[in-house]
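Taken together, the values in this text are just the output of simple stated rules run on the coordinates, not laboratory data. These numbers come from a predicted model, not from an experiment. With ideal geometry, Cβ positions are generated from the backbone for all residues, glycine too; neighbour counts draw on all protein chains shown.
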C-alpha cells in the first residue's frame, strides 16, 4: 500500500489504482507501507490532520490490469526487458504483433502459473505481485474518518480541489506504445488467452478476490460522489 499526500489530502492506494497519477502531482509526497507494523506509525506521523481518502477499483478489473502490467513491465522476463534487449524498432515490428495473438498469451500464462502457487495461497506472492494484483482491502484498518473514492472519479475530485494532474497509462508510458487502442487490444488478447488456460479461469479469479469483492461492494455504498 502507498499513502500519497497532496496538499491537505492523504490518498490511500496501491498498485493499479492511480498511483502513478498521484505521485506525479507536483509537490506530492508518498510513503510505502510494506507490512502491518508500519501502518499505525505511518498514519500517525505522515497523515495527521489531513483528509483521508481511500481509492477504490473493482477487484476483478484490477486483478487483470495488475497481472497485465506485471507481465508487461515488472516481471524479470517482462516485455520491457525484451524491448531493452532487442531494441525499440525490432520490438515494435516483430514482438508487438505477437502480443495481439491470444495463443501467445495462453502459452505465456501457462508457463507463468506452472511456477507459482499464489492463486491458492496468497502468502506465496512476491512483493511486486502483491502490490499489483494481490488483495489489499482485506488487510486495511478502516474507520469513519475515511472518505472513499472510485479511481475513475479521481480526476473530477482533483479538479474540484484545484489540483493539477496528468493521467498515466503505465504500459503505454513504459513500453513506448503510443496507440492507446493498441494497448487495450493487447490487454483484451491477454484476457482471452487467460480464459483458455488450465490454471486460471473466471471462477478461479472470482474465488481469489471473493473477500476483497465483499469489502469493495460495501465501501462503494459510501463512495464520495455516491453520497454527495
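For the peptides 202-213, 65-76, the ranking by packing is 65-76, 202-213, with the highest mean count of neighbouring Cβ atoms within 10 Å listed first. Highest mean first, the peptides 42-52, 180-190 sorted by other C-beta atoms within 10 Å per residue fall in the order 180-190, 42-52.
Our summary of shape: the Cα atoms of region 177-224 have principal axis extents of 36, 32, 10 Å, ordered from largest down, in whole angstrom. Each peptide among 155-168, 9-22 gets the average number of other Cβ atoms lying within 10 Å of its residues, and from highest to lowest they stand as 9-22, 155-168. Give me the distance in nm between label points sitting 7 Å out from Cα along the Cα-to-Cβ direction at residue 214 and residue 88, one decimal. Spacing of the two 7 Å Cα→Cβ label points: 4.9 nm. Note on region 1-109: Cα convex hull, mean projected area over all directions, 9.1 nm². The reciprocal of the average 1/r between distinct C-alpha atoms defines the Kirkwood hydrodynamic radius, which for the chain equals 18.8 Å. To test your reading of the geometry: what angle, between 0 and 90 degrees and rounded to tens, separates the Cα axis of helix 210-220 from the longest principal axis of the chain? Between helix and principal axis, roughly 40 degrees.
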